[in-house]
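These notes are about the structure you will find just below.
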Amino acid sequence: MIRRTLENKLIQSLKSIPVVVILGPRQVGKTTLALEFARPLLEKPVHYLDLELDSDLAKLDDPESYLQRFNNQLLVIDEVQRKADLFRIIRSLVDIRKRNGEKAGHFLLLGSASKDLLQQSSETLAGRIRYLELPPFTFQELYQDDHWGFNPEKLWFRGGFPDSYLAESDQESWNWRHDFITTYVEKDIPLFGPQVSATRMKRFWTMLAHFHSQQANLSDIGKSLEVSHTTARTYLDILQDFFMIRQLQPWAGNTKKRLVKSPKIYIRDSGLLHNLLRIHNFEQLFGHPILGASWEGFVAENILNSISNQWTASFYRSSNQTEIDLILEKGHREVWAIEIKRSIAPSISSGFHKACEDIAATRKFVIYSGTERFQIKGMTEVIGLKDFLALLENENN
């Protein structure tokens, strides 16, 4: 389970590393996790700053003087990306405390931007920092902890942000997601991104939704927005840095076939995807051309949020359209080829098997919307998402 697993990682990290960073999109539960679990588990006081508040941000006008006051305490700093120049000061304080015998649990930082965007931390805190990522609710997490009542179709349709998934109605969920997207394009992205109007960024994000689970033609998108290919690429990278999209890279192994070189684009949260495409209810989703791609993205995101760092993920697509939706590799020992189908009676093409030969797949799976588990031709196992995630969890352990 993601949050329980992360709780354990958080506890271990705070006891062994001076600086721990929890990253993830806004409204995903980072603050709740930090305050509910760090405070009772550490034998030291915990002090909290929220840099969204002007009053707390002002306290850091002279950060060195302020932060020195918290020796032998855990200082939790929320929305740390708003003052990334803190990392240089934090490094000095960590080194002073280490010389004084205080080795771990100095700072717990919470951020809504990727570690690549917080470049100062990687440059100044090497060997002193650990990053943990908290995604929205996942299939495995809700299935294993039925505290809120698990409904897999609701999770797929509404997405995993807690306030969206737990909303009293689909309309309330829709309103929350609409407001969330508006806040991102009007407030959050402009803090770090290019100087672009909220309307243009919203249009770009919506265009990407139409390319969900495909390669996006950034040149064509740029022309539609009247910006260059390079600017469109910048917009794409910003959305990735804010955990809104995922770029799945193509397989990079040795083969004589010509393979596509551009990444596949996924809107990471299926609820946001449906909102961007103006899909208000399940009936509309089941009649929409995005249905299969939406299911693929939902399954892929749940898998990618569940794998350990021992695995690498990619996809395979050749110029003659032989393809594999998702490839998971664990060194040279495990190469899993995964096809994702919404149908309860899935069939796969000969191109999938040819692609499996190219990558030397050790196992072949079709993940479908049913619950039974059985084999079809080519030593391929048909399996539901629940059982596949359980299989993956055993491999991670």
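The values are calculated or read from the model by the stated rules, or taken from the named source; none is laboratory data. Given the structure is predicted, the values throughout are model-derived calculations rather than measurements. Don't worry about glycine lacking a Cβ; one is built from the backbone with ideal geometry, like all the others, and counts go over all protein chains shown.
Only one residue in Phe137, Phe150, Phe161 is over 30 Å from Ile89 (Cα atoms) and surrounded by fewer than 21 Cβ atoms within 10 Å (Cβ to Cβ). Which one? Let's see the steps before the verdict.
Details: Phe137 fails: surrounded by fewer than 21 Cβ atoms within 10 Å (Cβ to Cβ); Phe161 fails: surrounded by fewer than 21 Cβ atoms within 10 Å (Cβ to Cβ).
Every option except Phe150 fails the conditions.
Just to be sure before I move on: is Lys257 of a type in the set (Lys, Arg), farther than 20 Å from Pro25 by Cα, surrounded by 15 or more Cβ atoms within 10 Å (Cβ to Cβ) and in the same structural domain as Ala216 (by TED's automatic domain parsing) in the structure I sent?
No: the conditions fail for Lys257.
Check Leu53 against each of (1) surrounded by 13 or more Cβ atoms within 10 Å (Cβ to Cβ); (2) free of Cβ contacts under 8 Å to residues at least 24 places away in the same chain and name the one condition it does not meet.
The failed condition is (1).
What residue, of Leu41, Leu53, is over 26 Å from Thr138 (Cα atoms), assigned by TED's automatic domain parsing to the domain that holds Leu109 and either more than 25 Å from the chain's Cα centre (by Cα) or modelled with pLDDT of 85 or more (or both)?
Answer to the selection: Leu53.
Would you point out the residue of the stretch 332-376, among those that are surrounded by 15 or more Cβ atoms within 10 Å (Cβ to Cβ) and of a type in the set (Ser, Thr, Tyr), that is modelled with the lowest pLDDT?
Only one residue tops the list, namely Ser369.
Which condition breaks for Val196 when tested against (1) in a helix (DSSP H, G or I); (2) of a type outside the set (Gly, Ala, Ser); (3) surrounded by 15 or more Cβ atoms within 10 Å (Cβ to Cβ)?
Unmet condition: (1).
Hey, which of the helices (runs of 4 or more DSSP H) in the stretch 260-342, taking only ones fully inside, have at least 1 residues that are over 16 Å from Gly160 (Cβ atoms) and in the same structural domain as Gln375 (by TED's automatic domain parsing)?
282-286, 291-304
For every residue, the table says whether it meets (1) in the same structural domain as Thr31 (by TED's automatic domain parsing); (2) of a type in the set (A, V, I, L, M, F, W, C); (3) surrounded by 14 or more Cβ atoms within 10 Å (Cβ to Cβ).
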position	(1), (2), (3)
Leu60	yes, yes, yes
Phe70	yes, yes, yes
Gln73	yes, no, yes
Asp85	yes, no, no
Ile89	yes, yes, yes
Asp95	yes, no, no
Gly101	yes, no, no
Gly105	yes, no, yes
Ser112	yes, no, yes
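Since Trp176 meets every condition but one in (1) surrounded by fewer than 18 Cβ atoms within 10 Å (Cβ to Cβ); (2) more than 13 Å from Asp269 (Cα to Cα), which condition does it not meet?
(1)
Quick check: anything in the stretch 16-34 of a type in the set (Ser, Thr, Tyr), within 28 Å of Ser164 (Cα to Cα) and surrounded by fewer than 16 Cβ atoms within 10 Å (Cβ to Cβ)?
Among the residues of the stretch 16-34, at least one is of a type in the set (Ser, Thr, Tyr), within 28 Å of Ser164 (Cα to Cα) and surrounded by fewer than 16 Cβ atoms within 10 Å (Cβ to Cβ), which makes the answer yes.
Starting from the stretch 380-397, keep only residues that are among the aromatic types (Phe, Trp, Tyr), then list their pairs with residues that are crowded, with 19+ Cβ neighbours inside 10 Å whose Cβ atoms are within a distance under 6 Å, requiring at least 6 positions of separation or different chains.
These pairs meet every condition: Phe388/Ile367.
Taking the condition of being surrounded by fewer than 19 Cβ atoms within 10 Å (Cβ to Cβ), more than 21 Å from the chain's Cα centre (by Cα) and not small (Gly, Ala, Ser), how many residues in the stretch 377-390 meet it?
Adding up the residues that qualify gives 4.
Determine whether the stretch 205-215 contains at least one residue that is without any contact (Cβ under 8 Å) to a residue 40 or more places away in the chain and surrounded by fewer than 18 Cβ atoms within 10 Å (Cβ to Cβ).
Here is the first cut: in the stretch 205-215, the ones without any contact (Cβ under 8 Å) to a residue 40 or more places away in the chain are 207.
From what's left, surrounded by fewer than 18 Cβ atoms within 10 Å (Cβ to Cβ): none.
No, the stretch 205-215 contains no residue that is without any contact (Cβ under 8 Å) to a residue 40 or more places away in the chain and surrounded by fewer than 18 Cβ atoms within 10 Å (Cβ to Cβ).
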